[in-house]
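No lab work stands behind these numbers, since they all come straight from the coordinates. As the structure is a prediction and not an experimental result, all values here were calculated from the model. All Cβ positions, glycine included, derive from the backbone under ideal geometry; neighbour counts span all protein chains shown.
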Amino acid sequence: MSVIRGCQEGKVTPKLEIVACPQCGEELEVFVRMGGEIGQAGTLAADEICEKCGFVAKEGTPVSELK
């Protein structure tokens, strides 16, 4: 039995990226889906809130809209 059996590394694991908040320009850490169903790759894996201004980047938003 492999120790890492069932490990979901690679395209299933969201990638951490830093983008600029579209409201105030503060750095915002977001997790981006690298794979999944059609249309999910490159989208936010969860809601993220800017600590400076309170802007909410919603899950499912394409990361390209936040760069």
statement: For THR13 and LYS67, extending 7 Å from Cα along the Cα-Cβ vector and measuring point to point gives, in nm, a value of 2.2
- prompt: Around ASP47, what is the net charge, scoring Lys/Arg as +1 and Asp/Glu as -1 over all other residues with Cβ under 11 Å from its Cβ?
  reply: -1
query: Which GluC sites (Glu not before Pro) in region 17-67 pass both tests, a DSSP loop state and at most 14 other beta-carbon atoms within 10 Å?
result: GLU26, GLU37, GLU51, GLU59
- line: Residue separation between ALA41 and GLN23 times 0.36 nm, minus their alpha-carbon distance, gives in nm 4.1 nm
